[in-house]
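The values are calculated or read from the model by the stated rules, or taken from the named source; none is laboratory data. Keep in mind it's a predicted model, so treat the numbers as computed, not measured. Positions of Cβ are backbone-derived with ideal geometry, glycine not excepted, and every protein chain shown enters the neighbour counts.
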Amino acid sequence: MKTNHLGAWALISTLLFGVTVTTGCNATSVAQNIVNWTPVIVSTANTIDGVVATLDPPNAALILLAGTTFSAAAYLVDNQAKTYLANPSLTNLQQLQAQALAFQSNVNQALLQAAKITNPASQQKVKDAISAAVTAITAVLALLQTIKGNTVGTISVSSTKISQVLPLMDERKSIALVAQHYGELQFMAAYQVHQSERSLQAAGL
């Protein structure tokens, strides 16, 4: 199974037609695509931590999570996604959702906080790094919504809604990241980005 292009069209079809995947090749493809996004999540989280490390303490304190790092949170998503792929049980699905939603909550809040950084250059670096993480976790949550038994909207732990952070993001960079990830044309990536955002907002995220 070629996961890149199949995954791209699988996400388009599920968002466009409201398909809920259950078993077989399609469900495996969705689970694999979730796993395929986790290296991006980990990479962007590492970038956030690296950029924050260069900030002066007051600005770093605006972004840093209490007692943890973004990379640590990203690895929890990565490990749980692989666990779910190996054993797609309802319990593992719920645990994956919880990890993904917690990460989303963290990066959304961090992006709002980044707007308070006074140095323009530092602020832009932080916003770019966090925005990439927001794009990746949005893709994962949109994929999770297509799996039967998902409760992505009802178990949301995010107090910061995607509608609050979208104005702080560069849509062109989000589209470019998705296009690069799936190896697809920009118009396809733009459709996926917009539909993913809308589906999460409809779920109350």
- Counting residues that are crowded, with 20+ Cβ neighbours inside 10 Å and either at pLDDT 95 or above or of a type in the set (Asp, Glu) (or both), which helices (runs of 4 or more DSSP H) fully inside segment 1-86 reach at least 1? 24-52, 70-86
- Message: Out of the residues in segment 103-130 meeting the condition of being surrounded by fewer than 16 Cβ atoms within 10 Å (Cβ to Cβ) and among the aliphatic types (A, V, I, L, M), tell me which one is nearest to residue 205 (Cα to Cα).
- Response: 112
- Task: Hey, could you check segment 87-98 for residues that are in a helix (DSSP H, G or I) and in contact (Cβ under 8 Å) with a residue 24 or more places away in the chain and say which is farthest from residue 46 (Cα to Cα)?
- Result: 90
- Residue satisfying all of: in segment 137-186; over 27 Å from residue 91 (Cβ atoms) and among the charged types (D, E, K, R); modelled with the lowest pLDDT among these: 161
- Query: Filter segment 48-78 for residues that are under 15 Å from the mean Cα position of the chain (by Cα) and of a type outside the set (Gly, Ala, Ser); which is nearest to residue 121 (Cα to Cα)?
  - Reply: 48
- Message: Condition (residue is in contact (Cβ under 8 Å) with a residue 24 or more places away in the chain, in contact with a strand residue (DSSP E or B) (Cβ under 8 Å, 6 or more places away or on another chain) and either buried (at least 23 other Cβ atoms within 10 Å of the Cβ) or under 17 Å from residue 201 (Cα atoms) (or both)) applied to segment 132-146: is it met by at least one residue?
- Response: yes
